[in-house]
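Here the structure comes first, spelled out in structure tokens, and everything after it is commentary.
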């Protein structure tokens with residue numbers, strides 16, 4: 001591709017194209033449930049975890065296009081969570097490229113459980129240079145935090 005982002009060249013293997021898709025399926029587990037279910041309220045997939053999986057479906061569309069040293073970060077998400085999904089049900093998240101503007105890629109997102117559409121919306125990812133990103137994050141670290149050498153991937157807090 002080739003383009004400029006904050007004065008830095010990014011070179012992905014190929015530019016994403018409108019229509020490119022990423023997909024990610026998972027089974028909603030207890031750890032993905034809302035934490036306030038109680039008396040009579042069934043355990044269902046919580047919105048923060050749904051968004052985590054949606055973002056990763058967009059990453060699935062991008063990963064084959066990235067050069068070593070490149071990654072993506074989410075910069076915007078607008079999700080309408082339409083229906084509850086019981087724990088134990090399979091969910092499939094799909095992200096389809098709808099626009100590319102330099103290093104920012106926009107997606108239409110949809111999520112279905114075993115019975116129906118449960119979420120829809122839009123999501124934007126930015127292609128980043130990992131080393132530059134790490135330098136910027138490390139510059140914000142307080143002395144007692146030290147320097148981070150790797151990005152963590154633990155899901156929503």
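Nothing in this text is a laboratory measurement; each read-out follows from the coordinates by a stated rule. Because the structure is predicted, anything quoted here is derived from the model rather than measured. As a convention, Cβ positions derive from the backbone with ideal geometry for all residues, glycine included, and neighbour counts pool all protein chains shown.
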Cα-projected label distance for residue 90 with residue 145, points at 7 Å along beta-carbon direction, nm:
4.0
What are the principal axis extents of the Cα atoms in the stretch 3-135, in Å, biggest first?
55, 32, 21
What order do you get for 16-23, 119-126 when each peptide is scored by the mean count of other beta carbon atoms within 10 Å, highest first?
119-126, 16-23
Calculate, in nm to one decimal, what residue 114 and residue 47 gain on full extension: separation in residues at 0.36 nm each, minus their alpha carbon distance.
22.4 nm
Additional length obtainable on full extension of the chain from residue 131 to residue 39, 0.36 nm per residue less Cα span:
28.3 nm
